[in-house]
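Read through the structure below, which is laid out as structure tokens, and then see the notes.
The values are calculated or read from the model by the stated rules, or taken from the named source; none is laboratory data. Just so it is clear, the model here is predicted, and its values are computed rather than measured. All Cβ positions, glycine included, derive from the backbone under ideal geometry; neighbour counts span all protein chains shown.
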Amino acid sequence: MRALVVLRTLLAHWRRHPVELATLLVGLAVATALWSGVQALNAQARASYDRAAAVLGGDVLSTVVAADGQRFPLEDYVALRRAGWKVSPVIEGDMRRADGSVRVLGVDPVTLPPAAGSLDIGEGAERLTQFLTPPNLALAAPETVARLGGAQDLPPLAESADLPPDTLVVDIAVAERLLDAPGRLSRLLLAPGETRALPAALAGRLRVEAPRETGDLDRLTDSFHLNLTAFGFLSFVVGLFIVYSAIGLAFEQRKPMLRTLRACGVSARMLTGVMVGELVGLALVAGLAGVVAGYAIAASLLPDVAASLRGLYGARVPGSLSLAPAWWAAGIAISVGGALFAAAGSLWRAWTLPLLAPAQPQAWLQAQRRGLRLQGALAAAIGAGALAALVFGDGLVAGFAVMGGLLLAAALLLPSVLAGVLSLGARGARRPMVQWLWADGRQQLSGLSLALMALLLALAVNVGVGTMVDSFRRTFTGWLDQRLAAEVYLTAADAEGAQAVALWLDARPEVRARLPIWNVEGRLRDWPVEIYGFRDDPTYRDNWPLIATLPEAWDRVAAGEAALVSEQLARRLNLALGETVTLPSPQGPWPVEVAAIYSDYGNPEGQVMVAVDALTARWPEVDRRRLALRVAPEAAAALVTDLRAAFPGVEAVDQRALKDLSKRIFERTFTVTVALNALTLAVAGIALLTSLLTLSNLRLVQLAPLWAMGVTRRRLAAIEMGKALALAALTALAALPLGLAVAWVLTAVINVQAFGWKLPIFLFPGQWLTLLGMALATAFLAALWPAWRLRRASPLTLLQGFSNER
Amino acid sequence: MSARWLIFLLLFPAAVQGQGYAGLGSGAGGYAAVTAPAALEFPRDHGAHPGFRIEWWYLTANLKGEDGEDFGAQWTLFRQAGRPEPEAEGWASGQIWMGHAALTTADAHRVAETFARGGIGQAGVETAPFRAWIDDWEMTGTDDGIGALTVAARGEDFAYRLKVRTDHEPVLQGVAGFSVKSEAGQASYYYSQPFYAVSGEIEVEGRRVAVTGRAWLDREWSSQPLAEDQSGWDWFSLHLEDGAKVMLFRLRSETEPPFLSGTWIAPDGTPTPLAPDQIAMTPVAETEVAGRRLPVGWRIEVPDFGLAVDTEPLNAQSWMGTLFPYWEGPISVTGSHDGRGYLEMTGYE
């Protein structure tokens, strides 16, 4: 009963200060929203990778695949079955269609092992029979059925809820036709319990692969999701600053009330208990609002995330959110946990609150110095840790440790730096008012430092990410020009079609060169890798973006002795120039020397380039459908039009369209990062506002004497505003070098670990000015209301500053 | 809905609608029809008949170990046409094959089952020389006849390899191979080779046992062997001590009395079709098997040939827990004649 009375008394405070209540709730909700929004995006994407990996029991069943990773003849399957192996055949591949490709999975339901999971066809014998008998059925996720329904080149579609998007499961007879792979198989599902070694006749060409709990997609996209998580966490931390300030403010204001309650006989235990209860209640409300907002953020960002995952990794993530109840619970839990963490200090002070107010501690300067020294030492320790992670660490987590350490150390150092600047200023000051100004600035610093730290972090990360994105954009654009040097790129429906097109092209005088882009997919030390064959041509020699090269690399590659290797692959496998890499070919292992390393941005898979004749000699089954054409640039558009008219089945695209497409994918990749960045800055602004509000109440004690000595309220308000702007500007200046350091960590450490490529950094001073402006604007907006309140403060309020109420 | 269920529906689409055991009672639309006279011809008819909807190669063997222990072995290959159109090549074939193998001892009945698509060579039947196979199970002849075969199959917990041999010609069932299955005239083409002598080896419970005995091969194909009201059958193949062989079956109907038929095969191989009123088949002992009650003991009478015997299973639990479950196991015969044989019972719910 008594607890209820205490609670009602405590809650009365919020009724009188609705804006503070709103700030607290908004801060907590925003922090929760950003965090759970990012988690939702990750969860959604991961769930669809898992779904993709689990299709046909890929997560539990071993498979038999060709040693070279290519498709293999049906006869191998029959031979294994005839040797008593319980295997079931699968053909899979991408079917190119006008509106993008579709993954086709062909299965043989007759031999499909039960562990391959069930095909959810729905009720009714009719549909089941249809799957196996012409015109057959294609199973697909409901959204895919909605998108592809009625397509002429596909069997009738039926819904199956468990499938990933843009994936069709069809009978193997249908898949063979759709994928134009008669008599070929991609892999065999192996029923559990088979422990024999493969028959000798097949052992050279086939191998058994253990089930993969995580698919390639999971591994390849790991870095993408870790990036998102890091940004989500940053936003959350910045959001907690708001909560900290709001709770601190409330505590300061309620101190007399708390003392009164304690004096009335409420125990410290009960008081703190009720405060915890109050806080948890508020956090639940804010958390609920936060997860709802997080859902909204995720839903609005998901199309971009899905598009960039698809563009970058070929991952198929549904465009609509479906989240497990655990996600909602986790969002609310992190809200409560965050609130308790941010309130720990205030709660501790409530617990230990002395019944009688001690004399106002005038020795704040000493206390501040002590605090700053402590923070400085902590910053040094954390900075040393970050440095150690940089030097000795390896992997993406170490990269983020460097980043986190750097940011935290810088944030902790910020008050010392600002204090230093302010005391330097004070030393130069002569007039009393100016001296007071500097000194007061330092006094204010303690209360504002957390908000300024939040601002520093938000600004620095903005500078860092902005620098990285723009550096990447500039590099990428130049790189695209090098990589897409040919004017026209085309893909025929099949090898015969490509042959026909080649003949047709030979009769066109404007075609200066016809370059095959033939490739096979393989695996190198268990990583997916693309092996491309190219014909020696100035197009490559003059343009290809080589990072490092041996002398006469091109001649040696053209002679079939060596290969070009992409930067990602070289980093992943630790390959240096002159080393030998062994490619698994159907004709047996093929050792080639690494003659050069080239940049291959945006490609999660490793790439190897070899002479096209060497490729076809070792991989007779190579995909021969793609060609690049060198034509006079002005003739390209007309040639594409003619090509499309002459060969309706051929996809022809000119260089400019391809570049546009690549740039679009690129832009979408960073949409999420940029959006989170903007939100983080907004959160930092709210934090600053809360802190200033907190201080404006506390500072009446400091300002009242000045007012009493004749400084007008208007002037005082202007001074307060000026100080807020100056501190923000100082913070922004500090954020600049920190931001560049962040950019360096991002490009030289995190990108290399996450994606396998290193970027040159370019500096964009225009961006810095914008950011400085944004920092000042944020500070201005945040300081506006407290200053306005001060200006409109009644003399009575100011007089109360002397009444020593506290 | 599991893939297995899918095959079930494909193989026997009418089964879910309750028409006869395993859908054998549904219409024959589009498939080749069974008409009299049969005009069977060998070795052609040892091979597959893809125009007909269903067909089987069905071998059962009563075996004895050197110490007198009794065993039973079953090797069966079923073929089913998924659609009446002519067989296409490769995966598009439309034919589906199913293999059942079993090995019975007095206290265990071990079963294996496997499936295959037609058109790719995983399963099939060839003549010249004769060869029927699915996965690593096979029934292989040395020439285009079926007088000498090697029969082998393997499950998770058993294996056998048997040589079966006879000098007898195949025996045509019914009227020269045209076997009527109901009063309404449903029929199949049906011949048997009941005269095999067997020698071979079985592997079970970690031991290898040399065995000898007798085997019976049934060949049957049709597009609609059961009438719509017929729910299952009880089928006997008997090797009598005096060298005669008897085939009897009883097709149960939901609305009519059972339809009885059979063939008395003299020791020289001369068949005499038995009319319904010449046969009496009476269940005398029931046992609970796989959650249902089955008549595992029978009284069999064919008075015109002086036959009045009781049959008893080697193992009453000879349950084939396959996709379409049924009872199939070795039996012993006592009474007016002694002998051994096989009993098959289908359609008991």
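Points to keep in mind about this one:
- Among the residues examined, A:Leu168 qualifies as farther than 15 Å from A:Ala67 by Cβ, of a type outside the set (D, E, K, R) and away from chain B (no Cβ under 11 Å).
- The listed residue being modelled with pLDDT of 80 or more, over 30 Å from A:Asn543 (Cα atoms) and of a type outside the set (D, E, K, R), out of A:Ala500, A:Ala426: A:Ala426
- Scanning the range B:154-186 for residues that are more than 18 Å from B:Gly47 (Cα to Cα), more than 16 Å from the chain's Cα centre (by Cα) and either buried (at least 23 other Cβ atoms within 10 Å of the Cβ) or of a type in the set (Phe, Trp, Tyr) (or both) yields B:Phe158, B:Tyr160, B:Leu162, B:Val164, B:Gln186.
- Among (1) touching a Gly at 6+ places or on another chain (Cβ under 9 Å); (2) within 21 Å of A:Val683 (Cβ to Cβ); (3) free of Cβ contacts under 8 Å to residues at least 60 places away in the same chain - the single one A:Gly405 does not satisfy: (2)
- Residues of the range B:273-282 classified as touching a residue at least 24 places away in the same chain (Cβ under 8 Å) and either β-branched (Val, Ile, Thr) or out of contact with any helix residue (DSSP H, G or I) (no Cβ under 7 Å at 6 or more places or on another chain) (or both), total: 4
- Taken as a whole, the structure places A:Arg51 among residues that are away from every other protein chain (no Cβ under 14 Å) and at pLDDT below 80.
- Only residues that are closer than 14 Å to B:Gln74 by Cβ and hydrophobic (A, V, I, L, M, F, W, C) were counted in the range B:135-155, giving 5.
- Within the range B:296-314, the set of residues being over 15 Å from B:Gly339 (Cβ atoms) and either at pLDDT below 95 or under 18 Å from the mean Cα position of the chain (by Cα) (or both) comprises B:Val296 only.
- Hits in the range A:67-92 - residues which are modelled with pLDDT under 85 and either crowded, with 20+ Cβ neighbours inside 10 Å or within 11 Å of another protein chain (Cβ to nearest Cβ) (or both): A:Asp68, A:Gly69, A:Gln70
- Pairing residues of the range B:249-269 that are farther than 18 Å from B:Leu238 by Cβ with residues that are modelled with pLDDT of 95 or more and part of a strand (DSSP E or B), at Cβ distances under 9 Å and at least 6 apart in sequence or on separate chains, gives B:Pro258/B:Met281.
- Taken over the range B:125-137, the residue count meeting the criterion of being out of contact with any helix residue (DSSP H, G or I) (no Cβ under 9 Å at 6 or more places or on another chain) and modelled with pLDDT of 95 or more is 2.
- So A:Thr129, is it within 12 Å of chain B (Cβ to nearest Cβ), under 30 Å from A:Pro192 (Cα atoms) and modelled with pLDDT of 80 or more: no
- The single residue among B:Gly20, B:Gly72 that is buried (at least 22 other Cβ atoms within 10 Å of the Cβ), more than 14 Å from chain A (Cβ to nearest Cβ) and modelled with pLDDT under 75 turns out to be B:Gly20.
- Taking the range B:75-93 as the range and being at the interface with chain A (Cβ under 10 Å from one of its Cβ atoms) and either surrounded by fewer than 23 Cβ atoms within 10 Å (Cβ to Cβ) or of a type in the set (S, T, N, Q) (or both) as the test, the residues that pass are B:Gly82, B:Arg83, B:Glu85, B:Ala88, B:Glu89, B:Gly90, B:Ala92, B:Ser93.
- Candidates A:Leu736, A:Leu769, A:Leu763, A:Leu759, filtered to the one that is out of contact with any Phe, Trp or Tyr (no Cβ under 8 Å at 6 or more places or on another chain) and either crowded, with 20+ Cβ neighbours inside 10 Å or assigned to a helix (DSSP H, G or I) (or both): A:Leu769
- Close contacts from the range B:102-121, counting a first residue that is within 14 Å of chain A (Cβ to nearest Cβ) and a second that is hydroxyl-bearing (Ser, Thr, Tyr), with Cβ to Cβ under 6 Å and a gap of 6+ residues or different chains, come to B:Glu113/B:Thr322; B:Phe115/A:Thr111; B:Gly118/B:Ser93; B:Gly119/B:Ser93.
- Flag not set for A:Leu154, criterion: surrounded by 17 or more Cβ atoms within 10 Å (Cβ to Cβ), touching a Phe, Trp or Tyr at 6+ places or on another chain (Cβ under 8 Å) and either modelled with pLDDT of 85 or more or more than 9 Å from every other protein chain (Cβ to nearest Cβ) (or both).
- Yes/no for B:Trp137 being without any contact (Cβ under 8 Å) to a residue 60 or more places away in the chain, crowded, with 18+ Cβ neighbours inside 10 Å and within 14 Å of another protein chain (Cβ to nearest Cβ): no
- The one condition from (1) out of contact with any Asp or Glu (no Cβ under 8 Å at 6 or more places or on another chain); (2) more than 24 Å from B:Ala36 (Cβ to Cβ) that B:Ser182 does not meet is (2).
- Only one of the numbered conditions (1) away from chain B (no Cβ under 14 Å); (2) over 25 Å from A:Asp50 (Cβ atoms); (3) touching a helix residue (DSSP H, G or I) at 6+ places or on another chain (Cβ under 7 Å) is not met by A:Gly183, and that is (1).
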